[in-house]
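The values are calculated or read from the model by the stated rules, or taken from the named source; none is laboratory data. Quantities reported herein were computed from a predicted structural model and do not represent experimental measurements. Ideal geometry is used to build each Cβ from the backbone, glycine not excepted, and the neighbour counts take in all protein chains shown.
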Amino acid sequence: MAAEHFLVTGGTGCIGAWVTRQLLAEGSAVTLFSADETRDRLALVVPADDLARLDAVVGDINDLESVEDVARQRGVTRIIHLAALQFPFCAADPIRGARVNVQGTLTMFELARRLDIGRLVYASSAAVYGPKAHYAAEVLPADAELYPTSHYGVFKVANEQGARVWWDAHGLASIGLRPHSVYGAGRDQGVTSKPTLAMIAAAAGRRFHVDFAGAYQFQFAADVAAWFVAAARSDMSGANAFSLPGPTIAVADMIGAIEAFAPASRGGITMGERLLPFPQAFDGRPIEAALGPVQTAALAEGVADTITRYRDAIAAGRVSDAFLDRVLAVA
């Protein structure tokens, strides 16, 4: 691993922070490329000593020449591309969403081609699939039809299809990974972030309402990061896209796990009745067959890790009341 040098785009996001944590813990060289200097999520999961030595560059993901200069100066050998605008921001500004999510991914493919890296690992999304009503099965098979119903989902499908063209035209291999519902420290945005926000509330001694019910494929952020790192180190050819595996967990059970670890939160975390409109789980067996299994954290372990990280950050003043007021405002 000593010869590895990872370029991680979008490394200030939730998954990016956990990817960075794992790589630095393993001794790999990492250059983080992001649109701003925000380090709040990184500080939650990356030890202070590792964070202090992190090589972080602020720039525009679509400025190919600048990104290429950075990558060549550092001797980048692997790319994990996570930079993206999330669902609500794409809905609010589809043109900007396309520039970041589609053009940005094209830029990373071209960068990998220029550097002769041979493979790009990028984040796709469960949004490539359509609403639950479009499918008969609760657990979608690997060959389920792609039926996006949002700009964000369409952009992700465009990237997956574009990856096939890069392979056919240039022999540039790729692996796109589709998480379902990620939870853990740093997951403070998105529809399925509510269970994590409930954990933040428990850490802060506040009340919170998770405004949906049902069971979904909740995946601990550290496990998701491990899949991205494993994919980046694989030697797979072709243009591949995989849904990530993970346990199907009821929202009520997540709240129960929060209350078990933080008994003072009992009664302060409530749950709605509506069901989310997407399938509850995806078949993750294909990626396990291709890359081998990744160790999966038990629910109690993931909840304890998340609440502990936020408790420590709140006590140290690294999580402000203003942040808590903002992210827990939906309570």
ask   = Among the listed residues 212, 208, 218, which satisfies the condition of being touching a His at 6+ places or on another chain (Cβ under 9 Å) and aromatic (Phe, Trp, Tyr)?
value = 218
message = Return the residues of the range 245-271 that are surrounded by fewer than 16 Cβ atoms within 10 Å (Cβ to Cβ), aliphatic (A, V, I, L, M) and in contact with a strand residue (DSSP E or B) (Cβ under 7 Å, 6 or more places away or on another chain); say none if nothing qualifies.
response = 250, 252
key: Total residues in the range 125-143, condition hydrophobic (A, V, I, L, M, F, W, C) and in contact with an Asp or Glu (Cβ under 8 Å, 6 or more places away or on another chain)   = 4
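Scan the range 277-305 residue by residue and report those that are assigned to a loop (DSSP other than H, G, I, E, B), under 19 Å from residue 146 (Cβ atoms) and not charged (D, E, K, R). Full working, then the answer.
Step one: of the range 277-305, the residues assigned to a loop (DSSP other than H, G, I, E, B) are 277-280, 283-284, 292-298.
Okay, now just the ones that are also under 19 Å from residue 146 (Cβ atoms), so 277-280, 283-284.
Of everything in the range 277-305, those that are assigned to a loop (DSSP other than H, G, I, E, B), under 19 Å from residue 146 (Cβ atoms) and not charged (D, E, K, R) turn out to be 277, 278, 279, 280, 284.
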task = Output the residues belonging to the range 1-27 that are modelled with pLDDT of 95 or more and either over 19 Å from residue 223 (Cα atoms) or assigned to a strand (DSSP E or B) (or both).
result = 5, 6, 7, 8, 9
ask   = Being in contact (Cβ under 8 Å) with a residue 60 or more places away in the chain, among the acidic types (Asp, Glu) and more than 21 Å from residue 62 (Cβ to Cβ), is that true of even one residue in the range 144-156?
value = no
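With the structure loaded, tell me whether residue 34 is more than 20 Å from the chain's Cα centre (by Cα) and either among the aliphatic types (A, V, I, L, M) or closer than 27 Å to residue 95 by Cα (or both) or whether it fails that test.
Numbers: more than 20 Å from the chain's Cα centre (by Cα): no; either among the aliphatic types (A, V, I, L, M) or closer than 27 Å to residue 95 by Cα (or both): yes.
So residue 34 fails the test.
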task = May I ask you to say which residue of 76, 102, 30, 67 is surrounded by fewer than 23 Cβ atoms within 10 Å (Cβ to Cβ) and either assigned to a loop (DSSP other than H, G, I, E, B) or at pLDDT 95 or above (or both)?
result = 102
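Restricting attention to the range 135-143, does a residue exist that is touching a residue at least 12 places away in the same chain (Cβ under 8 Å) and surrounded by 19 or more Cβ atoms within 10 Å (Cβ to Cβ)? It would help to see each step written out before you state the result.
Just the residues of the range 135-143 that are touching a residue at least 12 places away in the same chain (Cβ under 8 Å), to begin with: 135, 137-142.
Filter again for surrounded by 19 or more Cβ atoms within 10 Å (Cβ to Cβ), leaving 140.
Yes, some residue in the range 135-143 is touching a residue at least 12 places away in the same chain (Cβ under 8 Å) and surrounded by 19 or more Cβ atoms within 10 Å (Cβ to Cβ).
Quick one: in the range 144-176, of everything that is β-branched (Val, Ile, Thr) and within 21 Å of residue 227 (Cβ to Cβ), which residue is surrounded by the fewest Cβ atoms within 10 Å (Cβ to Cβ)?
So, considering only residues that are β-branched (Val, Ile, Thr) and within 21 Å of residue 227 (Cβ to Cβ), the one surrounded by the fewest Cβ atoms within 10 Å (Cβ to Cβ) is 157.
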query = Among the residues of the range 274-296, is any more than 25 Å from residue 125 (Cα to Cα) and surrounded by fewer than 18 Cβ atoms within 10 Å (Cβ to Cβ)?
reply = no
inquiry  = Which of the numbered conditions does residue 122 fail, given that it passes all the others? Conditions: (1) under 19 Å from the mean Cα position of the chain (by Cα); (2) in a helix (DSSP H, G or I); (3) surrounded by 15 or more Cβ atoms within 10 Å (Cβ to Cβ).
reply    = (2)
request  = Please work out if residue 230 is buried (at least 16 other Cβ atoms within 10 Å of the Cβ), closer than 30 Å to residue 7 by Cα and in contact with a helix residue (DSSP H, G or I) (Cβ under 8 Å, 6 or more places away or on another chain).
outcome  = yes
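Which of the residues that make up the range 33-44 are assigned to a strand (DSSP E or B) and among the hydrophobic types (A, V, I, L, M, F, W, C)? Break it down stepwise before answering.
Going through the range 33-44, the residues assigned to a strand (DSSP E or B) turn out to be 33-34.
Across the range 33-44, the qualifying residue is only 33.
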task = Enumerate the pairs (first residue in the range 250-276 and closer than 21 Å to residue 180 by Cα; second residue anywhere and of a type in the set (S, T, N, Q)) with beta-carbon separation below 7 Å, excluding pairs fewer than 6 apart on the same chain, so at least 6 apart or on different chains.
result = 258/265
